[in-house]
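Trainee: Pasting in a structure now, in C-alpha cells, and then I'll have a few things to ask.
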Amino acid sequence: MKKIGIFYGSTTGNTEEVAMMIGKRLGVDMSDIHDVADTAPSAVGDYDVMLFGCSTWGDGDMQDGMHDFLDGVMALDLAGKKSAVFGCGDETMAETFCNGVGEMYRMLKNTGVEMIGGDFDTDGYKYDHTDADVNGRIVGLLIDNMNHPDLTAGKVDDWCHSLESVM
C-alpha cells in the first residue's frame with residue numbers, strides 16, 4: 001500500500017477540517033496529516049502520495065503558509081511520486097474562487113510529481129472564474145464550506161473515491 005501524506009495550510013480552520021475529513025476517508029494516520037506551519041518541506045519525501053490543501057485569500061492568493069512551504073518543496077525532485085490538490089474558497093469571491101488550488105497545482109507540476117485527482121466537478125457552486133481551471137479542467141477538489149457546508153462531505157467522499165483508483 002502506498003504511504004499517503006496530507007499537507008495543509010489553514011488560517012481559519014476550514015482547510016484543516018477538510019484535510020481531516022480526507023484523512024479519515026482514506027484511512028490516513030493522524031501522524032501523516034501535517035500543518036505546513038509546523039512542517040519542514042523535506043517531510044514530503046517520506047510519502048509516495050502527497051495531498052496538498054490550502055485556502056484562497058485576498059485577491060485570489062494562496063494561503064501564506066502553504067506558499068512558503070511549496071517554495072521549499074519546489075527544490076525537491078518528486079519524480080515517481082503522486083500528488084493531488086484541494087482547497088477551500090468562497091464563491092462570493094466569484095472572480096478568484098479557489099485560485100490557491102490552481103497555484104498549488106502549477107507549482108507542484110515543476111517538481112516532476114505525477115498530478116492526480118483532477119477533472120473534479122464543481123456542481124452546486126456559482127462563480128465566474130477559478131485558476132483551478134487549467135485548460136478546461138478542474139485540477140483538484142474545490143470546497144466552499146462557507147456557503148455550501150451541506151455539499152462538503154459528499155464532495156470529499158467522491159474525490160477520495162476517485163483518488164483510490166489512481167494511487
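Trainee: Kindly write out, for the range 108-115 in residue order, the coupling ³J(HN,Hα) from the Karplus curve 6.51 cos²θ - 1.76 cosθ + 1.60 (θ = phi - 60°), rounded to whole Hz, with x marking Gly and Pro.
Mentor: The phi angles translate into 5, 4, 7, 9, x, 6, 7, 7 Hz.
Trainee: A follow-up question, please. Lysine pairs in the chain with alpha-carbon atoms under 27 Å apart, 8 or more places apart or on different chains: how many are there?
Mentor: So the count of such lysine pairs works out to 20.
Trainee: Shifting gears a bit: Any idea of the accessible area per residue across the range 1-113, 1.4 Å probe, to the nearest Å²?
Mentor: Result: 43 Å² of accessible area for each residue.
Trainee: If you fit an axis through the alpha-carbon atoms of helix 14-26 and take the longest principal axis of the Cα set of the chain, what angle between them do you get, 0 to 90°, nearest 10?
Mentor: 60
Trainee: Okay, moving on. Hey, what angle do you get for helix 149-164 against the long axis of the chain, alpha-carbon based, 0 to 90 degrees rounded to 10?
Mentor: On a 0 to 90 degree scale, this one is about 40.
Trainee: Next question. Whenever you get a sec, line up 158, 32, 119, 144 from highest to lowest accessible area (probe 1.4 Å, protein heavy atoms).
Mentor: 119, 158, 32, 144
Trainee: How large is the helix-only mean residue ellipticity at 222 nm for the chain, computed as the sum of -39500 (n - 2.57) over DSSP H runs with n ≥ 4, divided by its residue count, in deg cm²/dmol to the nearest 500?
Mentor: Roughly -9500 deg cm²/dmol at 222 nm, from the helical runs in the chain.
Trainee: Moving on. Taking +1 at the Cβ of each Lys and Arg and -1 at the Cβ of each Asp and Glu, which of 66, 21, 44 sits farthest along the dipole of the range 1-70 towards its positive end, judged by Cα position relative to the Cα centre?
Mentor: Of 66, 21, 44, it is 21.
Trainee: Right, another one. Considering only protein heavy atoms and a probe of 1.4 Å, how much of the accessible area of the range 63-167 is carbon and sulfur, as a whole percent?
Mentor: About 46 percent, which is the carbon plus sulfur part of the accessible surface.
Trainee: Ignoring everything but the protein chains, give the 1.4 Å probe accessible area of residue 2 in square angstrom, nearest 10.
Mentor: For residue 2, the solvent-accessible surface is approximately 100 Å².
Trainee: Then there's this: I'd like the Karplus ³J(HN,Hα) series for the range 74-79: coefficients 6.51, -1.76, 1.60, θ = phi - 60°, whole numbers in Hz, and an x wherever there's a Gly or Pro.
Mentor: 5, 7, 8, 9, 9, 4
The values are calculated or read from the model by the stated rules, or taken from the named source; none is laboratory data. Only a predicted model underlies this, so the values are computations on that prediction, with no experimental measurement involved. Note that we place each Cβ from the backbone using ideal geometry, even for glycine, and neighbour counts take in every protein chain shown. Heads up: the accessible areas ignore ligands, DNA and RNA and are worked out on the full protein's heavy atoms, side chains in. Shrake-Rupley method; radii C 1.70, N 1.55, O 1.52, S 1.80 Å.
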